[in-house]
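A.B. asks: Take a look at the following structure, please.
A short reminder: the numbers here are calculations on the coordinates, not readings from a lab. No experiment lies behind these values; they were computed from the predicted model shown. A quick note on method: Cβ atoms are made from the backbone with ideal geometry, for glycine too, and the neighbour counts reach across all protein chains shown.
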Amino acid sequence: MPDHFCVSRQTAEDFMRLFVNRLAYGIQREKPLPDGTVPYIKQTRPLDSGAVRMHLNGDMTINLYAINPQTQSSKWVAIDADYDGSLEALFQLQWELKQDGVEAALEQSRRGGHLWIFGERPLLASQCRIYIYNLALRLGVPVKGGGLKEGIEVFPRQDEIKEGAYGNAIRGPLGVHRKSNRRYWFYEADITPESQLAYLKRLKKLTGAELGTLTKGMALPHAYRHSEPVPFVPRIPTAGYREFRILDYVQTTGKQDTRNWKAQCPSCAKGGRDRSRNNLGIKISDPRFYVCRAGCTKEEIRAALRQPVRKIVMA
Ligand SMILES: [Zn+2]
């Protein structure tokens, strides 16, 4: 049995200050379902310090949503990793964050860990994601999605959410996980709710200005974007001519190798082919170069996009 605690209202309020950015939450079922999952049941009442005390004491387990839709911001970023070798990746991220002046706390989990970064004030979800995705890409740490089945997951999981939406929730730290019936602690503090929260309060908090500097000129890597168009910046400023950019027209589905994006070939798609959406390879360092491995020509690809190859007329 996990230890039972009896925390003060003050301790619960410390938890809320660190982790609670909106009052929507869920309570985890007491026992696993026959299929082994232990889902959270969304609550209609707002979260309060009484419920947080029960969570910290071990009487129930809550989950928390990252984004508040009124600000599209989150009080924290949590990097969740539960694949083989994921703990190593989290330590690597933690070290690299430190080089950027960002302190992160590592929490154990059932199969890996969660790495937490806290904002001094709530941070824009989109900016948090840009920072972590680019950091992971630079380190070669795999990120789930964009063609990869295994890798880290970044909470907030959305850049923004609609009014009345929730996005994804994460297990509230320091509580009892109902599947394993145990608690998972942060590594660098004694294992009581009070010591753990005191440690988290001492961590340096990331400011919006620092995050702005860290993400200057960065965007979410192509493979992880949903549908937002790539901003058009002409490479050759020629009056009346917009340079063709394949990435404005196709949705990348991951990486073919370290040098190329993959996407569905528009010409193949027109013929009902390339259902696996990976025939088109696009050079990451220079997306002017793209090729269909099924053999469609550049002319056919451009015609399929109604962007015929421009004829160069010599004057
Ligand atoms: Zn093709």
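A.B. asks: For region 98-203, what is the relative contact order in percent, using Cα pairs closer than 8 Å and at least 6 residues apart in sequence?
C.D. replies: Working: 102 pairs, mean separation 26.8, N = 106.
Here the relative contact order equals 25 percent.
A.B. asks: With no solvent and one point per C-alpha, what does the Debye sum give as log10 I(q)/I(0) for region 87-197 at q = 0.12, 0.21 Å⁻¹?
C.D. replies: Log10 of I(q)/I(0), two decimals: -0.47, -1.39.
A.B. asks: Hey, another quick one. Which Cys residues of the chain have no other Cys beta carbon under 4.7 Å away?
C.D. replies: Cys6, Cys128
A.B. asks: Between Leu123, Leu115, Leu247, find the one with the highest GNM mean-square fluctuation for the chain; connect C-alpha pairs within less than 10 Å.
C.D. replies: Leu247
A.B. asks: Still on this structure: Using +1 at the C-beta of Lys and Arg and -1 at the C-beta of Asp and Glu, which of Phe186, Ile282, Ala303 has the Cα lying farthest in the positive direction of the dipole of the chain?
C.D. replies: Ala303
A.B. asks: Let me ask something additional. Distance between Cα centroids, region 35-103 to region 105-166: provide it in whole Å.
C.D. replies: Taking the Cα centre of each part, region 35-103 and region 105-166 sit 10 Å apart.
A.B. asks: Near the amide H of Arg183, under 5 Å away, which other amide H atoms are found, from residues 5 or more places off or on another chain, if H is placed in the peptide plane?
C.D. replies: Amide H neighbours of Arg183: His177.
A.B. asks: Mean shadow of region 1-108, computed from the convex hull of its alpha carbons, in nm²?
C.D. replies: One quarter of the hull surface, i.e. the mean projection, equals 9.3 nm².
A.B. asks: Could I ask something else about it? Convert each backbone phi in region 261-277 into a coupling constant with the Karplus relation 6.51 cos²θ - 1.76 cosθ + 1.60 (shift: θ = phi - 60°), then list the ³J(HN,Hα) values in order as whole Hz, x for Gly and Pro.
C.D. replies: Result, ordered by residue: 6, 10, 7, 6, 6, x, 6, 4, 4, 4, x, x, 9, 6, 5, 7, 6 Hz.
A.B. asks: Pairing the Cα long axis of helix 125-139 with the longest principal axis of the chain, what angle in degrees results, from 0 to 90 and rounded to the nearest 10?
C.D. replies: Relative to the chain, helix 125-139 is tipped by roughly 70 degrees.
A.B. asks: In the structure shown, do any of Lys98/Lys262; Lys75/Lys98; Lys42/Lys98 have a Cα-Cα gap over 30 Å, and if so which?
C.D. replies: Violating the 30 Å Cα-Cα cut-off are Lys98/Lys262; Lys42/Lys98.
A.B. asks: Among Thr11, Ile246, Val52, whose Cα lies farthest out toward the positive end of the dipole of the chain, if unit charges sit on the beta carbon of Lys, Arg (+1) and Asp, Glu (-1)?
C.D. replies: Going by the Cα projections, it comes out as Ile246.
A.B. asks: To continue, here is another question. According to the Kirkwood expression over distinct Cα-Cα pairs, how big is the hydrodynamic radius of the chain, in Å? Each step should come with its number before you reach the end.
C.D. replies: Numbers: mean 1/r = 0.0457 Å⁻¹.
Evaluated over the chain, this radius sits at 21.9 Å.
A.B. asks: A further question follows. Return the calculated 222 nm mean residue ellipticity for the chain, to the nearest 500 deg cm²/dmol, obtained by summing -39500 (n - 2.57) across DSSP H runs with n ≥ 4 and dividing by the residue count.
C.D. replies: That comes out to -7000 deg cm²/dmol.
A.B. asks: Here's something else I'd like to know. Under a point spin-label approximation (7 Å from Cα along Cα-to-Cβ), what is the Gln10-Tyr187 distance to one decimal in nm?
C.D. replies: Spacing of the two 7 Å Cα→Cβ label points: 3.1 nm.
A.B. asks: What's the exposure ranking of Tyr249, Tyr224, Tyr131, going from fewest to most Cβ atoms within 10 Å?
C.D. replies: Tyr249, Tyr224, Tyr131
A.B. asks: Which one of Ala165, Ala51, Ala24 has the biggest mean-square fluctuation once the chain is modelled by GNM with Cα springs under 10 Å?
C.D. replies: Answer for the Gaussian network model of the chain: Ala165.
A.B. asks: Name the residue, out of Gln158, Gln256, Gln94, whose mean-square fluctuation peaks in a Gaussian network model built on the chain with Cα pairs under 10 Å.
C.D. replies: Gln256
A.B. asks: I'd like to know which of Leu33, Gly101, Ser267 lies farthest towards the positive end of the charge dipole of the chain, counting +1 on Cβ of Lys and Arg and -1 on Cβ of Asp and Glu.
C.D. replies: Ser267
A.B. asks: Let me check against my output: what whole-number percent is the relative contact order of region 9-214, with C-alpha pairs under 8 Å and at least 6 apart?
C.D. replies: 26
A.B. asks: Quick one: Karplus J couplings for region 40-55, per residue in order, coefficients 6.51, -1.76, 1.60, θ = phi - 60°, nearest Hz, x for Gly and Pro?
C.D. replies: 9, 9, 5, 9, 8, 7, x, 5, 9, 5, x, 5, 5, 4, 4, 4
A.B. asks: Once fully extended, how much extra length lies between Ala165 and Asp286, figured as 0.36 nm per residue of separation less the alpha-carbon to alpha-carbon distance? Don't skip to the end; give the middle numbers.
C.D. replies: Values: separation 121, 0.36 × 121 = 43.56 nm, distance 3.77 nm.
Length gained between Ala165 and Asp286: 39.8 nm.
A.B. asks: Fewest first, what order do Ile79, Ile284 take by the number of other Cβ atoms within 10 Å?
C.D. replies: Taking fewest neighbouring Cβ atoms as first place, the list is Ile284, Ile79.
A.B. asks: While we're on this one: Size of the dipole of region 1-144 about the Cα centre, Lys and Arg at +1 and Asp and Glu at -1 on the beta carbon, nothing else charged, in debye to 20?
C.D. replies: 480
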